[in-house]
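S.K.: This structure is in structure tokens; I'll ask about it shortly.
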Amino acid sequence: MASSLHVPQFPKTYWRASVSLPEFSSLDTSIKTDVAIVGGGITGITAAYMLTKQGMKVTLIDAGNILNGVTGHTTAKITAQHGIIYDELMQHFGADNASLYYQACSDAKQWIEETISKHDINCHYQNEDAYIFTNKDDSISKLETERKAYEQLDIPGEQLDSIPLNIPVQSALKMKNQAQFHPLMYLKQLVEEAVNDGLEIYEHTTATDIEYNKHPAIITRDEHRITCKYVIQASHYPFYDGQGFYPTRMYPERAYIIAVKTPETFPGGMYISADSPTRSIRSTSMDGEDLWLISGENHKPGQGESTMNHYDALMNYAENTFGISEYVYRWSAQDLTTVDNLPYIGPVTKKEDNIFVATGYRKWGMTNGTIAAKILSDRILNKDNPYAALFLPSRFHADPAIRKFTSMNTDVAKHLIKGKLEYTIDNIKDLAPDDAAVTRINGKRTGVYKDSENNLYAVDTTCKHLGCEVNWNAGDRTWDCPCHGSRYAYTGDVIEGPAKEPLNKVEL
Ligand code: FES
């Protein structure tokens, strides 16, 4: 067991801990710009870089700090091997579209590589082969089917019965010449380039709505307006839905990462298991030593067991498989999956063709975020893009869409009802420091967090999005909504939408 190791008390990503990022003030007046980008992750920053290089006036806002959302919490694999996907894409979209998806990912990798080379960016970029592996009989045939899809689509790969990593494997599927990097060292340089080209960035500036006059105007929480010709919503869930019904067309999942040192030398390569629970493994360099990034434990947010159990499961896996000599960081990330597994990139609705979304990356944000930035920049610059039609949010592929749509909404309805009935303690005096519970105060379901200095923070647990009940995430000390993945700090402040307003505070 790994329990004797020191477990980091608070989550922190290695990426953010190992780079110092510039800071920007919040927006304190109304402004005009050509392109307003909401969200300072890989999509928003890459699009800002591309557009400012072409002379556009671009403004980027972020509700918190840039590079502190999913991009700051990624595994940072730059790969077209997005799990077992190509056979499924061929079945649902045809071989030509499956091939386009692979090409889009490959182009994104090449664009990143060329940009790193052009600006001589030191971001630990390394070409690596990617592997999907299994040690279970019933997954071998899935890998075999996926290998046939690779062959049909001319994807360079091969099926193997072992991998460089020292773990038991019955079968593996290799995709050659993929890559990994330090995402924030790379994006920091893109920020600097774009700012030199005129990009304006405002942090701690929350977009709440869009109003139309002749042009769209983003309304901020402080009631300032950003009037522009185009809006790019690169904020994970679109804050402006335009009746595109995005919450019903995507579902959120959380995943966990531990960064550990092991007695073994990392042999190179990037790995992901074909089986559940998912195990994803890569390494990075920290102070000249291998830092192993081991991730997995996907689940819907705000549901199920204590989130610390997921870190324990990863730690036990790492300890039993490789050994752990030091447990350095832990963090978690949340991403959205669309009903047909392809991201939504393009106009938010058919009618609103100057307001764009880029979302639903299914945890493959390095390539999908770069693809999105290129598609949306090309559209704004009136250039053709060979991949734009594939990712249009208005596409409709009935078979998988209807099935998942129904199951997701059944799940949401269950949580609307179930959440209202569950109370974990009825006396907040029982609460230990740095713990939280749900109780009833003046007839209202109330979440109470007690910090390590015994200060109490009480919030109404009704989510401000559509009224489901949030639950405590002990690993991150947040209130998470099981329905569409909104997340709130223990103070009630919004960390992640689709909710826009904080949870109501409750007087104790
Ligand atoms: Fe939709 Fe909470 S009800 S995120």
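S.K.: Can you name the residue in the stretch 139-158 that is touching a strand residue (DSSP E or B) at 6+ places or on another chain (Cβ under 8 Å) and part of a loop (DSSP other than H, G, I, E, B) and is also farthest from GLN103 (Cα to Cα) among such residues?
M.R.: PRO156
S.K.: Just name the residue that is farthest from the ligand (Cβ to nearest atom) out of those in the stretch 434-453 that are within 21 Å of SER306 (Cα to Cα), open to solvent by 30 Å² or more (accessible area, probe 1.4 Å) and assigned to a loop (DSSP other than H, G, I, E, B).
M.R.: Restricting to residues being within 21 Å of SER306 (Cα to Cα), open to solvent by 30 Å² or more (accessible area, probe 1.4 Å) and assigned to a loop (DSSP other than H, G, I, E, B), the top hit is SER452.
S.K.: From LEU21, LEU100, LEU67, which residue is out of contact with any strand residue (DSSP E or B) (no Cβ under 9 Å at 6 or more places or on another chain), open to solvent by 10 Å² or more (accessible area, probe 1.4 Å) and part of a loop (DSSP other than H, G, I, E, B)?
M.R.: Every option except LEU21 fails the conditions.
S.K.: Evaluate the stretch 398-408: report whether one residue or more is modelled with pLDDT of 85 or more and in contact with a helix residue (DSSP H, G or I) (Cβ under 8 Å, 6 or more places away or on another chain).
M.R.: No: the stretch 398-408 contains no residue that is modelled with pLDDT of 85 or more and in contact with a helix residue (DSSP H, G or I) (Cβ under 8 Å, 6 or more places away or on another chain).
S.K.: Scanning for something among the basic types (Lys, Arg), open to solvent by 20 Å² or more (accessible area, probe 1.4 Å), touching a residue at least 40 places away in the same chain (Cβ under 8 Å) and assigned to a helix (DSSP H, G or I), does the stretch 50-64 turn up at least one residue?
M.R.: Checked against the condition, which is being among the basic types (Lys, Arg), open to solvent by 20 Å² or more (accessible area, probe 1.4 Å), touching a residue at least 40 places away in the same chain (Cβ under 8 Å) and assigned to a helix (DSSP H, G or I), the stretch 50-64 yields at least one hit.
S.K.: To continue, here is another question. Would you check if GLN81 is surrounded by 19 or more Cβ atoms within 10 Å (Cβ to Cβ) and polar (S, T, N, Q)?
M.R.: Yes, satisfied.
S.K.: Listed residues TYR457, TYR423, TYR488; which is at pLDDT 90 or above and either surrounded by fewer than 21 Cβ atoms within 10 Å (Cβ to Cβ) or more than 10 Å from the ligand (Cβ to nearest atom) (or both)?
M.R.: On inspection, the qualifying residue turns out to be TYR457.
S.K.: Still on this model: Taking the stated definitions as given, is ALA255 among the small types (Gly, Ala, Ser), part of a strand (DSSP E or B), touching a residue at least 60 places away in the same chain (Cβ under 8 Å) and more than 16 Å from the ligand (Cβ to nearest atom)?
M.R.: Against the criterion (among the small types (Gly, Ala, Ser), part of a strand (DSSP E or B), touching a residue at least 60 places away in the same chain (Cβ under 8 Å) and more than 16 Å from the ligand (Cβ to nearest atom)), ALA255 qualifies.
S.K.: Does GLY346 satisfy the criteria of being part of a loop (DSSP other than H, G, I, E, B) and modelled with pLDDT of 90 or more?
M.R.: Criteria not met by GLY346.
S.K.: Would it be correct to say that SER171 is of a type in the set (S, T, N, Q) and surrounded by fewer than 16 Cβ atoms within 10 Å (Cβ to Cβ)?
M.R.: Taking the combined requirement at face value, the residue does not satisfy it.
S.K.: Find all pairs meeting these conditions: Cβ atoms under 6 angstrom apart; at least six residues apart or on different chains; first residue within the stretch 450-470 and polar (S, T, N, Q); second residue more than 10 Å from the ligand (Cβ to nearest atom) and at pLDDT 90 or above.
M.R.: THR461/GLY447
S.K.: Out of the residues in the stretch 460-485 that are surrounded by 22 or more Cβ atoms within 10 Å (Cβ to Cβ) and hydroxyl-bearing (Ser, Thr, Tyr), which is nearest to the ligand (Cβ to nearest atom)?
M.R.: Looking at the filtered set, the residue picked out is THR461.
The values are calculated or read from the model by the stated rules, or taken from the named source; none is laboratory data. Computed from a predicted model, the values in this text were never measured in an experiment. Positions of Cβ are generated from backbone atoms using ideal geometry, with glycine treated the same way; all protein chains shown enter the neighbour counts. Accessible surface areas use protein heavy atoms only, side chains included; no ligands, DNA or RNA. Shrake-Rupley method; radii C 1.70, N 1.55, O 1.52, S 1.80 Å.
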